[in-house]
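Please see the structure below; I have some questions.
The values are calculated or read from the model by the stated rules, or taken from the named source; none is laboratory data. Not measured: the values here are computed from a predicted model. Here the Cβ positions follow ideal geometry from the backbone for every residue, glycine too, while neighbour counts run over all protein chains shown. Ligands, DNA and RNA are stripped out before the accessible areas are found, and what is left, the full protein with its side chains, is counted by its heavy atoms. Shrake-Rupley method; radii C 1.70, N 1.55, O 1.52, S 1.80 Å.
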Amino acid sequence: MNKRNQPIDLFIHNAGIIIPKRALAMTENEFMMLFKVNFLSPVKIMRETIKLVENGHIGITASVVALTHGGLDVSAYTASKHALYGFVNSFRQ
């Protein structure tokens, strides 16, 4: 992060993975890895970064499936992006 504790003007998080399998066919490790990358990692980064953003902005890209629905082969991915979208929206003013 910012080692000098200087304010951050803009921070954009844009990462994610997709495992094209039905959620019930995924192993627990696949499911957890997908949620760690797509939801838990952005949340952790945002919680640390928000302390350094004074008058700036944090941007987190989710996916269009966060606003719609995915398909059977991307249901876990869709759930992770819905979770991220809901979390980020709780900070909007």
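Suppose the filter is open to solvent by 40 Å² or more (accessible area, probe 1.4 Å) and either at pLDDT below 85 or not in a helix (DSSP H, G or I) (or both); does Ile12 pass it?
yes
Among what's in segment 29-75 and is farther than 13 Å from Phe91 by Cβ and among the hydroxyl-bearing types (Ser, Thr, Tyr), pick the residue that is surrounded by the fewest Cβ atoms within 10 Å (Cβ to Cβ).
It comes out as Thr68.
If you don't mind, another one. Does Glu30 satisfy being among the acidic types (Asp, Glu), within 19 Å of Ala83 (Cβ to Cβ) and within 16 Å of the chain's Cα centre (by Cα)?
Taking the combined requirement at face value, the residue does not satisfy it.
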